[in-house]
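Below you'll find the structure, written out as structure tokens, and then a few comments.
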Amino acid sequence: MRQPINWRRLGTAILIGGIGGAIFDYFGLPLAWMLGAMAFTTVASLIPIQIAVPGHIRSLFVAILGIMLGSAFTPDLVDQAARFAGTIALQAIFVAVVVSTGYFLYRVIGKYDHATAYFSSTPGGMTEMSLVGEAMGGDMRVIALNHAVRILIVVSVIPFYFRYIVGLDVPSQPQTGSIAGLDPTDAIILVVCGISGFLIGKKLSIPAYALIGPMVFSAAVHLAGFTTGNVPRELASVAQLVVGTAVGCRFVGITLGTMFRVSWLAAVNATLLILAAALTVSLVTRYFDTPPPILFLSLAPGGLAEMSLIALALGVDTAFVTVMHFMRLLLVMMLAPAAYRILGGRPPADTE
């Protein structure tokens, strides 16, 4: 049964996240409302300040991002289907390397048990991997913390890397139109896409349904030419604020001692993942028609919503990047538990 919303904790979280977003925006930093909120609420969580963004509240705003991402789908994407096959194959190989590297770090250096090391390494959804890992006998709290740190570092580093190292423009705010310029008919179509996609995606148990369902419906109406409208930047900024705040709130209840003990190795792993993605792109880019920045964003294992937002901010084939990360989640969620059993892992006796 869903717990009632603690409005005080939610309000405090949004206030702290809003302050962080506003400060990042004032200084013109990339993806200000998401990264600023994420940074400030992470610090607040560790102080600790009691803040929270319930999952169903986050899902509502993720749906808004899904609508926005759907507008990036164009007829040209359908004509480039061959790109998907090759990159999905590369994604599968890369995920295998990622899991192997992470498992070695957590098992050999971190001395985690088999289940905790394995499911801390699988770059799927944090909630799903934590629950499956617990069912297999792993430490759910450690698994969740490792995934939270992975997402935090990957999503934080990449926008700054692209702006200050590569030299690409990463805007502070979404580059969509203002709410004043949104046609009422377009607004109704987009709202229907969001609600329908959310409900049907949830009913069908689609991975990341809050993002993927609205995105599919939005993509369909844009591809069909029913609308050219998009989520206004004011609402998109609020959605980024909530998503970033939710990432920071994941660290509530974790002591500084536990954070340091677990997160230093997770940080090493996340850094290796970023370097591995960059190295892989440098080695295979000649064999792919996809530009290196897009290929890199398609491999770097951050959160689906967050990586899609980075691609959207960069204006680099958002639809392609989103599809690739969805395929990563699908591959991991479908194959990781089975692979664990093949490798000799077994759930505790009382869960058989």
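The values are calculated or read from the model by the stated rules, or taken from the named source; none is laboratory data. Predicted model only: the values in this text are computed from it and were never measured. Cβ: placed from backbone, ideal geometry, glycine included. Neighbour counts: every protein chain shown.
One table, with the values for the structure above:
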| quantity | calculated |
| --- | --- |
| Qualifying residue in the stretch 183-206 (condition: modelled with pLDDT under 85 and either surrounded by 14 or more Cβ atoms within 10 Å (Cβ to Cβ) or assigned to a loop (DSSP other than H, G, I, E, B) (or both)) | no |
| Criterion violated by Ala39 - all others in (1) more than 21 Å from Ile274 (Cβ to Cβ); (2) part of a helix (DSSP H, G or I); (3) of a type outside the set (Asp, Glu); (4) modelled with pLDDT under 95 satisfied | (1) |
| Test result for Leu241, under 22 Å from Gly11 (Cα atoms) and hydrophobic (A, V, I, L, M, F, W, C) | yes |
| Residue in the stretch 125-154 that is modelled with the lowest pLDDT, counting only those that are surrounded by fewer than 24 Cβ atoms within 10 Å (Cβ to Cβ) and not in a helix (DSSP H, G or I) | Gly125 |
| Residues located in the stretch 107-116, provided they are in a helix (DSSP H, G or I) and either at pLDDT 95 or above or surrounded by fewer than 20 Cβ atoms within 10 Å (Cβ to Cβ) (or both) | Arg107, Val108, Ile109, His114 |
| Qualifying residue in the stretch 76-89 (condition: part of a helix (DSSP H, G or I), within 21 Å of Ser282 (Cβ to Cβ) and hydrophobic (A, V, I, L, M, F, W, C)) | yes |
| Selection from the stretch 303-317 of residues that are of a type in the set (Val, Ile, Thr) and surrounded by fewer than 24 Cβ atoms within 10 Å (Cβ to Cβ) | Val316 |
| Qualifying residue in the stretch 337-347 (condition: within 29 Å of Ala52 (Cβ to Cβ), among the hydrophobic types (A, V, I, L, M, F, W, C), at pLDDT below 85 and over 14 Å from the mean Cα position of the chain (by Cα)) | no |
| Thr322 vs. criteria touching a helix residue (DSSP H, G or I) at 6+ places or on another chain (Cβ under 9 Å), part of a loop (DSSP other than H, G, I, E, B), buried (at least 20 other Cβ atoms within 10 Å of the Cβ) and touching a residue at least 12 places away in the same chain (Cβ under 8 Å) | no |
| Number of positions in the stretch 268-294 that are hydrophobic (A, V, I, L, M, F, W, C), out of contact with any Leu (no Cβ under 8 Å at 6 or more places or on another chain) and over 18 Å from Gly124 (Cα atoms) | 5 |
| Hits in the stretch 263-302 (condition: over 30 Å from Gly86 (Cβ atoms) and either buried (at least 24 other Cβ atoms within 10 Å of the Cβ) or among the hydroxyl-bearing types (Ser, Thr, Tyr) (or both)) | Ser263, Ala266 |
| Where Thr12 falls short, out of the listed (1) more than 20 Å from the chain's Cα centre (by Cα); (2) surrounded by fewer than 16 Cβ atoms within 10 Å (Cβ to Cβ) | (2) |
| Positions within the stretch 161-170 being over 19 Å from Val268 (Cβ atoms) and part of a helix (DSSP H, G or I), in sequence order | Phe162, Arg163, Tyr164, Ile165, Val166 |
| Which numbered condition Gly18 fails, given (1) under 19 Å from Leu314 (Cα atoms); (2) surrounded by 14 or more Cβ atoms within 10 Å (Cβ to Cβ) | (1) |
